[in-house]
1. To the nearest 20 Debye, how big is the dipole of the chain about its Cα centre, given +1 on the beta carbon of each Lys and Arg and -1 on that of each Asp and Glu?
2. Which FRET efficiency value, to the nearest 0.05, is calculated for HIS165 and SER60 with the Förster distance at 22 angstrom and r the Cβ-Cβ distance?
3. Roughly how many Å² is the accessible area per residue of the range 1-129, as a whole number, for a 1.4 Å probe?
4. What share of the DSSP beta bridges in the range 104-173 is antiparallel, in percent to the nearest 5?
5. Considering only DSSP beta bridges where both residues belong to the range 1-115, give the percentage that are antiparallel (nearest 5).
6. Efficiency by 1/(1 + (r/R0)^6): what FRET value for VAL47 and VAL14, r their Cβ-Cβ distance, R0 = 45 Å, to the nearest 0.05?
7. Probe radius 1.4 Å, ligands and nucleic acids ignored: give me the carbon and sulfur share of the accessible area of the range 10-49 as a rounded percent.
8. Per 10 Å bin, what is the whole-percent P(r) computed from every C-alpha pair distance within the range 86-173?
Amino acid sequence: MSRFIILMMWLVAVVGLTFAGVRFSGLLDSMLPAGEPEITRFSSEMVLPTQPNFYLVCGSGHCPPAIRKVESPVYPVSAAQLFSRIEDVVAKMGGKMTWRNGETLHLRIVLRSPVFRFPDWVDLQATPVEDNTSQLLGYSRSVYGADDFGANEKRLKKLVSQLGHMTQLKVVN
């Protein structure tokens, strides 16, 4: 084997072991701080990023017009019941809840990508529609990067689906 190949193998091994040590020691979390954005106020005047690193779930005029958005279904449960189910789903997502308001039925979590530990903020709120029906308001955005590669959309659509399953929502295609 040539010296160049041996040198490259050692270099790959050293870089790989260094990354593994940094990744699993928790250093990446401190190297990539999440910050603490203001609490999201869902409204049609909400200011959205100009970069495609966010996604919304909204209903009933609670969000501004946006391309990166899906309409929330109307869930056949009260807003308080939907909020309880949101908390159940969030607990399984592996993020860290940083804020919760039981009166406004709003919570915030920070989630990190599995490999490089990039932080994303997710605000979720249950809002009443009519008697015993409610909708999800959700805003997921990346802290770093100009593009999220669809991660925020995938996260919120999965949440909508899980809540639909939990509330026995019948989705019509």
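The values are calculated or read from the model by the stated rules, or taken from the named source; none is laboratory data. No experiment lies behind these values; they were computed from the predicted model shown. Glycine also receives a Cβ, built like all others from the backbone with ideal geometry; neighbour counts cover every protein chain displayed. Calculation scope for accessible area: heavy atoms of the full protein, side chains included, ligands and nucleic acids excluded. Shrake-Rupley method; radii C 1.70, N 1.55, O 1.52, S 1.80 Å.
1. Details: 18 positive and 15 negative charges, 142 e Å.
Its charge dipole is roughly 680 debye.
2. Result of the calculation: an efficiency of 0.50.
3. Numbers: 7710 Å² over 129 residues.
It amounts to 60 Å² per residue over the range 1-129.
4. Numbers: 16 of 16 bridges.
Bridges in the range 104-173 that DSSP calls antiparallel: roughly 100 percent.
5. Beta bridges within the range 1-115, antiparallel portion: roughly 60 percent.
6. Details: r = 45 Å, r/R0 = 1.00.
For VAL47 and VAL14, the calculated efficiency is 0.50.
7. Values: 2040 of 2900 Å².
C and S fraction of accessible area: 70 percent.
8. P(r) for the range 86-173, in whole percents per bin: 15, 49, 29, 8, 0.
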